[in-house]
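The values are calculated or read from the model by the stated rules, or taken from the named source; none is laboratory data. Worth saying up front: this structure is predicted, and the values here are computed from it rather than measured. Because the Cβ atoms are built from the backbone with ideal geometry, glycine has one as well, and the counts that use them run over all protein chains shown. Quick note on the areas: whole protein, heavy atoms, side chains included, nothing else; ligands and nucleic acids left out. Shrake-Rupley method; radii C 1.70, N 1.55, O 1.52, S 1.80 Å.
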Amino acid sequence: MSTDSGERKQITIRTFLQKKREHKPITMMTAYDYPTALCVDQSGIDSILVGDSLGMVVLGYETTLPVTMEDMLHHCKAVARGANRALLIGDMPFLSYQASVAEAVHNAGRFLQEAGMDAIKLEGGRERLEAVRAIVQAGIPVIGHLGLTPQSVHAMGGFRTQGKSAATALRIYEDALLLQEAGCFSIVLESIPSQLAERISNDLDIPTIGIGAGPGCDGQVLVVHDMLGLFDRFKPRFVKQFANLHPAILEALKIYLQEVEERAFPTPEHYTAMKEKEWKDFLSILEENKNE
Ligand code: KIV
């Protein structure tokens, strides 16, 4: 968002609501480290999600389930150091909010108190309302997450599109209304049919952020490693690669390997040489010391 002077200003949850009212798309991207956060922030994207997807794209796990609070806080802190404009959202990892409401509030608070986040995200619908209400009452903005919720990968029988039947679509629709009522300022809709996402977006006052949910959402989010072509273990259908950095990085590494092996790197512009006189003095001191 720009001010009248063209200067960019800090994005808040009010910006999300304002953009929805003005029918302006909300932009969100994941980031997990300082340099990526710098880039996303500088690009003008509204919001950075430090997603628990970091378990898969950064830490190399098969699912997001092994990700801990400590993993999340570590990466959130790095992102917070790199971004000063975008709204920062920390993703609550598996088991950090399911066991009890008190634990959910405490862990949600750690994202703001220790890691510099502005809001938190958690997965689930009607079964999470009590936790959402309590976190919101503690003054912590919450973004919900419905549809394909990766922390329930085993319950869903794999990473698959949700809400394809009338009955499952209705459950997601009702959950979206319930999350709004509980106080969420926004909801991520992941991998659900586009008509369902559009209908939910039209019927809610709060904005929806889609990933694999079509163009009818109020905003879009992607996993940065997917959209930059850095993660090639698998590519969900809904990912568009805006760059293909894996081959570019591989090529650079191969050239480095070759240049080091052939002693073509480093060259004089990459190192410092001592002035001739200082070097001669150094050698004479060495010689003198040896003869003592
Ligand atoms: O963890 C994550 O990156 C997410 C996005 C896919 C929405 O939840």
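See the values below:
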| item | result |
| --- | --- |
| Region 184-191 - phi-based ³J(HN,Hα) in whole Hz, Karplus 6.51/-1.76/1.60, Gly and Pro as x | 4, 8, 6, 9, 7, 10, 10, 6 |
| Net length gained if the chain between Ser43 and Met274 were fully extended (0.36 nm per residue, minus Cα distance) | 79.0 nm |
| Shape box of the chain [Cα atoms, principal axes, largest first, Å] | 89, 46, 37 |
| Region 103-243 - percent of accessible surface contributed by carbon and sulfur, probe 1.4 Å | 50 percent |
| Restricting region 164-257 to trypsin sites (Lys or Arg not before Pro) in coil, as DSSP defines it, with at most 15 other Cβ within 10 Å | Lys164, Arg233, Arg237, Lys240 |
| Built amide H within the under 5 Å cut-off of Leu87, gap 5+ | Ile11, Ser47, Ile48 |
| With 10 Å bins from 0: P(r) over region 104-145, alpha-carbon pairs, percent | 32, 59, 10 |
| Note, ³J(HN,Hα) from phi for region 45-53, Karplus 6.51, -1.76, 1.60, rounded to Hz, x at Gly and Pro | 4, 5, 8, 10, 9, 8, x, 6, 4 |
| Separation between Cα centres of region 9-49 and region 196-210, rounded to whole Å | 18 Å |
| Sites Thr63 and Ala248 - FRET efficiency at Förster radius 25 Å, r taken between beta-carbons, to 0.05 | 0.30 |
| Surface share of carbon and sulfur [accessible, 1.4 angstrom probe, percent] for region 248-291 | 59 percent |
| Region 68-139 versus region 218-237: alpha-carbon centroid distance in Å | 22 Å |
| Solvent-accessible area per residue, Å², over region 103-170 with all protein chains present [probe radius 1.4 Å] | 44 Å² |
| Debye, to nearest 20: dipole size of region 101-240, +1 on Lys, Arg Cβ, -1 on Asp, Glu Cβ | 480 debye |
| Gaussian network model of the chain, springs between alpha carbon atoms under 10 Å - residue of Thr267, Thr161, Thr64 with greatest fluctuation | Thr267 |
| Under 24 Å from Lys277, Cα to Cα: lysines that are on another chain or at least 8 residues apart | Lys290 |
| 31 Å Cα-Cα threshold exceeded, pairs from Lys121/Lys254; Lys121/Lys235; Lys164/Lys235 | Lys121/Lys254 |
| Karplus 3J(HN,Hα) series, Hz, for region 108-113 with 6.51 cos²θ - 1.76 cosθ + 1.60 (x for Gly, Pro) | 4, x, 4, 4, 7, 6 |
| Cβ crowding within 10 Å averaged over residues, with 11-23, 241-253 ranked highest first | 11-23, 241-253 |
| Share of alpha-carbon pairs per 5 Å distance bin for region 87-188, given as whole % | 2, 14, 24, 24, 19, 11, 5, 1, 0 |
| For Gly229, net neighbour charge (Lys/Arg +1, Asp/Glu -1) across residues whose Cβ lies under 11 Å away | 0 |
| Surface accessible to a 1.4 Å probe, per residue, for the residues of region 248-291, Å² | 99 Å² |
